[in-house]
1. Which of the residues that make up the stretch 161-192 are of a type outside the set (F, W, Y), buried (at least 17 other Cβ atoms within 10 Å of the Cβ) and closer than 21 Å to Q215 by Cα?
2. Looking at I206, I299, I286 in this structure, which one is in contact with a Leu (Cβ under 7 Å, 6 or more places away or on another chain) and either in a strand (DSSP E or B) or modelled with pLDDT under 90 (or both)?
3. Just a yes or no: is a residue in the stretch 111-118 loosely packed, with under 12 Cβ neighbours inside 10 Å and either in a loop (DSSP other than H, G, I, E, B) or not assigned by TED's automatic domain parsing to the domain that holds L154 (or both)?
4. Determine which member of the set Q249, Q242 is part of a helix (DSSP H, G or I), out of contact with any Ser or Thr (no Cβ under 8 Å at 6 or more places or on another chain), surrounded by 15 or more Cβ atoms within 10 Å (Cβ to Cβ) and of a type in the set (S, T, N, Q).
5. Which of (1) outside the structural domain of V10 (by TED's automatic domain parsing); (2) under 26 Å from D21 (Cβ atoms); (3) in a strand (DSSP E or B); (4) of a type outside the set (F, W, Y) is the odd one out, the single condition T212 does not satisfy?
6. Taking the criterion of being outside the structural domain of E293 (by TED's automatic domain parsing) and farther than 28 Å from D151 by Cβ, would at least one residue in the stretch 60-80 satisfy it?
7. Any idea which residue in the stretch 138-163 is modelled with the lowest pLDDT, counting only those that are of a type outside the set (S, T, Y) and under 14 Å from the mean Cα position of the chain (by Cα)?
8. Inside the stretch 12-63, can you point out the residues that are among the basic types (K, R) and either within 24 Å of K78 (Cβ to Cβ) or without any contact (Cβ under 8 Å) to a residue 60 or more places away in the chain (or both)?
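The values are calculated or read from the model by the stated rules, or taken from the named source; none is laboratory data. Here the structure is a predicted model, which means the values were calculated and not measured. Note that we place each Cβ from the backbone using ideal geometry, even for glycine, and neighbour counts take in every protein chain shown.
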Amino acid sequence: MQAAITLENVSKKFNGNPAVDKLSFEVKQGDIYGFLGPNGSGKSTTLRMIMSLIKPDEGSIHLFGESLASNRSSIMRKIGCIIEKPDFYGYLSALENLKLFARANLLQLNEKDYTNLLAQVGLSGRGKDKVKTYSHGMKQRLGLAQVLIHDPELIILDEPNTGLDPQGIIDLRELLWSLNVEQGKTILFSSHILSEVQEICNRMIIIHHGKTVVQGSVEELLSTENLQVSMEVSNPEICKQQLQQSRWQAFLQSEDEHRFSFGMAKTEIPLLIEYLTHHKVFIERIDYKNQLEDYFLKITKGS
């Protein structure tokens, strides 16, 4: 299967300063890609070049096997995107904005299509409200409706969960899963919420200083062999005593009053819990540090 996006040695400078420097990566069709990098890493510039909003100084961009430079019109019909923030006419309703966008793109939709589209992004019953009355999160949802209006094969989103409340983030996650699993759409999105990237994506790309630092499957890149596990207990003295006479002492990294910290594989966690509960240690809480955050910091600082 051909790649949805292929960048080869793409570079872009602004005022002589490189924003993107010989960047190369590939987005395979049918996957959900997380696109990560610190502020100023070149993420937004890269997305704008993929969407043909700005031209690269060097290198080539191909989408669905076609050159973006020579086949822009046919390619853009296959893509839906939000770059930066969605923009609408505030004095018009959400429905009027969507109809205006559809007419501008020569799309023919009926009223049921618009109703289903608004329901899909969580705006049922709000289609006739003027956009100026919308919260930032609601505008984000309307932006997603605009992205989906022409049933694109590839969806590109730049920080789509900005301004969403916790329920909105969950709804977005489920929508992206549905679009990918049920409709086979390829999705590339950048986000500063690393836990969401780890939760949603099966592949990821990390760039830094305009260069690709790493790319691959989330499962392969994020080993579960060395997690930072934190545990709180109500009887720390008994816990300490039981740990000292067990193999788990070798995993213990620190202890502070009721909290014990371990370095271990994810598969070891239930075994530790089983051992401690069997020896009358009362565990109040156990969790492990988000691995992508550690991996991201290690990769970007190391590069």
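1. Scanning the stretch 161-192 gives L176, N180, K185, T186, I187, L188, S190, S191.
2. Checking each option against the conditions leaves just I206.
3. No, that holds for no residue.
4. Q242 is the lone residue from the list that is part of a helix (DSSP H, G or I), out of contact with any Ser or Thr (no Cβ under 8 Å at 6 or more places or on another chain), surrounded by 15 or more Cβ atoms within 10 Å (Cβ to Cβ) and of a type in the set (S, T, N, Q).
5. The failed condition is (1).
6. no
7. The residue in question is N161.
8. As a first pass, look at the stretch 12-63 and keep what is among the basic types (K, R): 12-13, 22, 28, 43, 48, 55.
Those that are among the basic types (K, R) and either within 24 Å of K78 (Cβ to Cβ) or without any contact (Cβ under 8 Å) to a residue 60 or more places away in the chain (or both): K12, K13, K28, K43, R48, K55.
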